[in-house]
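Have a look at the structure below before the remarks.
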Amino acid sequence: MRHQAYCPQEIELLAKNIILSMGGALYPQEGHLVLRVMGKDGTVEEKSVSSVFFSPGEKHRGCYVGFLRDTYRVTEEEDMRRIWRFIVDNYSYPDRDISLDEESLRRRLELREMNIGFISKHGDINAGDIEMVEAYQKAIADMHDRMGDHPVPVPGDIVEGAYYDGAYPFKDGLLLSNPHGVSPLSVCVRPYVPFVYLCKGDDTISLNASGGPFFGVEPSDLEYIGADRRAFCDWGHAGCCANGTVEFMATVNRWRWKK
């Protein structure tokens, strides 16, 4: 842990992870927090959470954090550890390793925010889910790194363009391999979140996408724009079932279909 004062934003980040692990999303609102949870019928319910709040400390040093019936002043590492012990004792909190840095907590937060439906049905994202996601993110990053300094279109990349003489523009098409087609690649114009798989032996990825329409494309027809991020998914620890997918973000390249 860092030896410095903790600001309200950092405490809020920790609290968001805790509440998300309980199946809800936490949002600041006028100094207090609002908890949004997914109801049994799939609708989102909003509840006031007056037991958790943040306010600036004196002379802009640290902050006050209210948890349940108690209010704590948080300025130094030992204060933070005391809050952590209290939280761990009172909640089923999966990230018990308090050596997690802020970036790791933000990645967990993003993963939980994307998967509220999963959490509400099957419990929190667990270590196996996180390991799976990190393996996919690494494989996708390695696939792009192998292309060297000159970007090459690969499956999973984003394509924007238009079809039928420009009558139907699209912005977030999905690039796929097309081994049995005339063109080596194809684009799914309006895909659902694609499933991603690790190919055995070489840690490359393959994709399973639905949506459409699909068009064959040549690599020479694609103009590189820059790096971007898109969502992928695979079945989480609950297996193949309703709300069973775990979605995550990965960095890919964006292309413009010149035709």
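The values are calculated or read from the model by the stated rules, or taken from the named source; none is laboratory data. Values in this document were obtained by computation on a predicted structure and should not be read as measured data. As a convention, Cβ positions derive from the backbone with ideal geometry for all residues, glycine included, and neighbour counts pool all protein chains shown.
Being β-branched (Val, Ile, Thr), modelled with pLDDT of 85 or more and surrounded by 15 or more Cβ atoms within 10 Å (Cβ to Cβ) narrows it down to one of 140, 119, so name that one. If you could, list the steps in order and put the result at the bottom.
Details: 119 fails: modelled with pLDDT of 85 or more.
Just one listed residue meets the conditions, 140.
Restricting attention to the range 173-199, and to residues there that are part of a loop (DSSP other than H, G, I, E, B) and under 23 Å from the mean Cα position of the chain (by Cα), which single residue is modelled with the lowest pLDDT? So, considering only residues that are part of a loop (DSSP other than H, G, I, E, B) and under 23 Å from the mean Cα position of the chain (by Cα), the one modelled with the lowest pLDDT is 199.
Every residue, every condition in (1) free of Cβ contacts under 8 Å to residues at least 12 places away in the same chain; (2) assigned to a loop (DSSP other than H, G, I, E, B), yes or no:
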| site | (1), (2) |
| --- | --- |
| 112 | no, no |
| 117 | no, no |
| 121 | no, no |
| 125 | no, yes |
| 134 | yes, no |
| 140 | no, no |
| 147 | yes, yes |
| 150 | yes, yes |
| 154 | no, yes |
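The residue list 250, 231 contains one member that is surrounded by 17 or more Cβ atoms within 10 Å (Cβ to Cβ), in contact (Cβ under 8 Å) with a residue 40 or more places away in the chain, within 25 Å of residue 117 (Cα to Cα) and touching a strand residue (DSSP E or B) at 6+ places or on another chain (Cβ under 8 Å), which is 250. Within the range 157-174, the set of residues being closer than 11 Å to residue 215 by Cβ and buried (at least 18 other Cβ atoms within 10 Å of the Cβ) comprises 159, 161, 173.
Residue check: is residue 188 in the same structural domain as residue 140 (by TED's automatic domain parsing) and surrounded by fewer than 14 Cβ atoms within 10 Å (Cβ to Cβ)? Write out each step before concluding.
Numbers: in the same structural domain as residue 140 (by TED's automatic domain parsing): yes; surrounded by fewer than 14 Cβ atoms within 10 Å (Cβ to Cβ): no.
Against the criterion (in the same structural domain as residue 140 (by TED's automatic domain parsing) and surrounded by fewer than 14 Cβ atoms within 10 Å (Cβ to Cβ)), residue 188 does not qualify.
Out of 120, 206, report the one residue that is hydroxyl-bearing (Ser, Thr, Tyr), under 23 Å from the mean Cα position of the chain (by Cα) and not assigned by TED's automatic domain parsing to the domain that holds residue 233.
Just one listed residue meets the conditions, 120.
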